[in-house]
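In what follows, a structure is listed as structure tokens, so that the remarks can point back to it.
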Amino acid sequence: KRRLKVEIEASATAKPGEPLHINYKTDRPSKIVIFAVDEGILQVTDYKTPDPLGFYFRKCMLRVDTAQIVDLIIPEFSLLRSVSAFGGGGDIQRLNPFKRVTEKPVVFWSGIIDADGTKREIVYDVPDYFDGTLKIMAVAIADDAVGSSEREALIRGPFVITPSVPVLAAPGDEFEAGVTVANNVEGSGPNAEVELRAQTNERVSISGSASQKLRIAEGREQTAIFKFRATDKLGSGEITFIARANGQQTKRRATLSVRPPVPYMTDVHSGSFKEKIEIPVTREMHPEFRKLDANVSVLPLGLARGLDAYLKDFPFGCSEQLTSGAFCRLMLADESDFGLSRTEINKQLEHTFGVLARRQNDQGAFGYWVPETGDSISFVSTYVMDFLSEAKASGFAPPPEM
């Protein structure tokens, strides 16, 4: 009586890059959610198709469940808690500028839609880079019943390409990449000839032949080796492998991060001159992320601009270091020789206020990465309050709730 009959239909097999048609219906008017997930993800998480009827009618002992919603109120709370540290440490502001582009997980979500006894259809465009089993699940609810259903669809192209490419390389590095090709072409025979070709973007070049001929029997696989070299272009390198035979082909993309083999560095030089001066740049820097600034002033105050740039781009972000960087701009906000407009300083201070506000507890104390939990008044709380008081006195009022 309480079990809602849910029916979903989909092709047992489909090809990557093609639409997958999913039909659904229920035995009475209801709301339904249909979602499809890569079976590999479900195996890692041990996720099972929901059974709402079994959940609501299960036998339970008396107990108390405790939960918190801080992660929803403060989205960065869980991230900051995982990297919580006293004093210095990496912060989320220093992201990898050379991050490689990776393929998104294969997941489909229909949202809440209507269902009844009429067969309806939704379409999911399967990504062209996916090969494997796709589990399709549906959960529906009516006024007096609930139910769920599942089925599987095998996504398989004529070839399955499995590249093995390093995740990063420095400009000038040479490396080999292995590529395994499985032949799924029906009727291709025991001695099928498959052409495997490699293509790259401007960040990677091919050393040697870009194409190889392989003999792969139907239902078997074989591995080929290609040689590559990272160019001087920084960023996400891409290598596309294309397998072709009997008019059918499959593409698969692999990516790697092409980055310099040195850390991010800031050099500050200061001095004085009368007529002219030449300051040589002795470091080799990549033009994509190089930044050169010069500040000249008739007063010694101009020397502070270089220190301000260093503090502004400081790669760590605990409350003490954020406050130290903001203090420099606050104290010199009204000095024209400092070289910053009041609008620019106000924008920078508002960002600092926002971060510090998320690290303040209900008693007003500040923590290094998360709201302070101790009963005592820490140094960082006193330091931040002094900064907020100075900011208010200088005309940069922090939010009233702080």
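Residue by residue, here is whether (1) of a type outside the set (Ser, Thr, Tyr); (2) assigned by TED's automatic domain parsing to the domain that holds GLY325; (3) surrounded by 12 or more Cβ atoms within 10 Å (Cβ to Cβ); (4) more than 27 Å from LEU332 (Cα to Cα) holds:
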site: PRO371; (1), (2), (3), (4): yes, yes, yes, yes
site: PHE387; (1), (2), (3), (4): yes, yes, yes, no
site: GLU390; (1), (2), (3), (4): yes, yes, yes, no
site: PRO399; (1), (2), (3), (4): yes, yes, no, no
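Identify, please: which residue in region 24-48 is polar (S, T, N, Q) and surrounded by 14 or more Cβ atoms within 10 Å (Cβ to Cβ) and is, among those, nearest to ILE136 (Cα to Cα)?
To start, the set of residues in region 24-48 that are polar (S, T, N, Q) comprises 26, 30, 43, 45.
Add one more test, that the residue is surrounded by 14 or more Cβ atoms within 10 Å (Cβ to Cβ), and what stays is 26, 30.
Values: THR26: 16, SER30: 19 Å.
Per the stated criteria, the residue is THR26.
Taking region 373-385, which residues are surrounded by fewer than 19 Cβ atoms within 10 Å (Cβ to Cβ), modelled with pLDDT of 85 or more and either closer than 23 Å to GLN348 by Cβ or in contact with a Gly (Cβ under 9 Å, 6 or more places away or on another chain) (or both)?
Step one: filter region 373-385 for residues surrounded by fewer than 19 Cβ atoms within 10 Å (Cβ to Cβ), giving 373-379, 382-383, 385.
Still in the running and modelled with pLDDT of 85 or more: 379, 382-383, 385.
Matches in region 373-385: THR382, TYR383, MET385.
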Discussion item. Quick check on this structure: which one of ASP131, ASP173, ASP144 is in contact with a Lys or Arg (Cβ under 8 Å, 6 or more places away or on another chain), over 19 Å from LYS104 (Cα atoms) and surrounded by 14 or more Cβ atoms within 10 Å (Cβ to Cβ)?
Written reply: ASP173
Fill in: Among (1) outside any helix (DSSP H, G or I); (2) of a type outside the set (Ser, Thr, Tyr); (3) touching a Leu at 6+ places or on another chain (Cβ under 9 Å), the one test that ASP362 misses
(3)
Fill in: Boolean, THR266 is closer than 24 Å to CYS328 by Cα and in contact (Cβ under 8 Å) with a residue 40 or more places away in the chain
yes
Discussion item. Going through ASP128, ASP232 one at a time, which residue ends up being modelled with pLDDT under 95 and either assigned by TED's automatic domain parsing to the domain that holds LEU42 or within 30 Å of TYR47 (Cβ to Cβ) (or both)?
Written reply: ASP128
Discussion item. Would you confirm, using the coordinates I've provided, whether GLY247 is free of Cβ contacts under 8 Å to residues at least 12 places away in the same chain and over 23 Å from ARG290 (Cβ atoms)?
Written reply: yes
Worksheet item: Only one of (1) within 30 Å of ASP334 (Cα to Cα); (2) buried (at least 16 other Cβ atoms within 10 Å of the Cβ) is not met by ILE279, so which one is it?
Response: (2)
Worksheet item: Is it the case that region 307-316 has a residue that's basic (Lys, Arg), farther than 30 Å from SER272 by Cβ and part of a helix (DSSP H, G or I)?
Response: no
Worksheet, complete the sentence: Taking region 380-402 and keeping residues without any contact (Cβ under 8 Å) to a residue 60 or more places away in the chain, more than 34 Å from the chain's Cα centre (by Cα) and part of a helix (DSSP H, G or I) leaves THR382, MET385, ASP386, SER389, LYS392, ALA393
Worksheet, complete the sentence: In region 282-308, anything in contact with a Lys or Arg (Cβ under 9 Å, 6 or more places away or on another chain), surrounded by 10 or more Cβ atoms within 10 Å (Cβ to Cβ) and farther than 21 Å from LEU234 by Cα is listed as ASN295, SER297, ASP308
Item to complete: Determine the pairs where a residue that is within 13 Å of SER389 (Cβ to Cβ), located within region 323-334, has a partner that is buried (at least 18 other Cβ atoms within 10 Å of the Cβ) and among the aromatic types (Phe, Trp, Tyr) with Cβ atoms under 6 Å apart, the partner being 6 or more residues away or on another chain.
Response: THR323/PHE387; PHE327/PHE387
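Give me the residue from region 330-361 that is among the charged types (D, E, K, R) and under 32 Å from the mean Cα position of the chain (by Cα) and, out of that set, farthest from MET402 (Cα to Cα).
Step one: of region 330-361, the residues among the charged types (D, E, K, R) are 334-335, 337, 342, 344, 347, 350, 358-359.
Remaining after also requiring under 32 Å from the mean Cα position of the chain (by Cα): 344, 347, 350, 358-359.
Details: GLU344: 22, LYS347: 18, GLU350: 12, ARG358: 10, ARG359: 10 Å.
Of everything passing the filter in region 330-361, GLU344 is farthest from MET402 (Cα to Cα).
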Worksheet item: Among the helices (runs of 4 or more DSSP H) contained in region 15-122, which hold 2 or more residues that are modelled with pLDDT of 85 or more?
Response: 39-45, 52-56
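The values are calculated or read from the model by the stated rules, or taken from the named source; none is laboratory data. Remember, predicted model here, so these are calculated numbers, not experimental data. All Cβ positions, glycine included, derive from the backbone under ideal geometry; neighbour counts span all protein chains shown.
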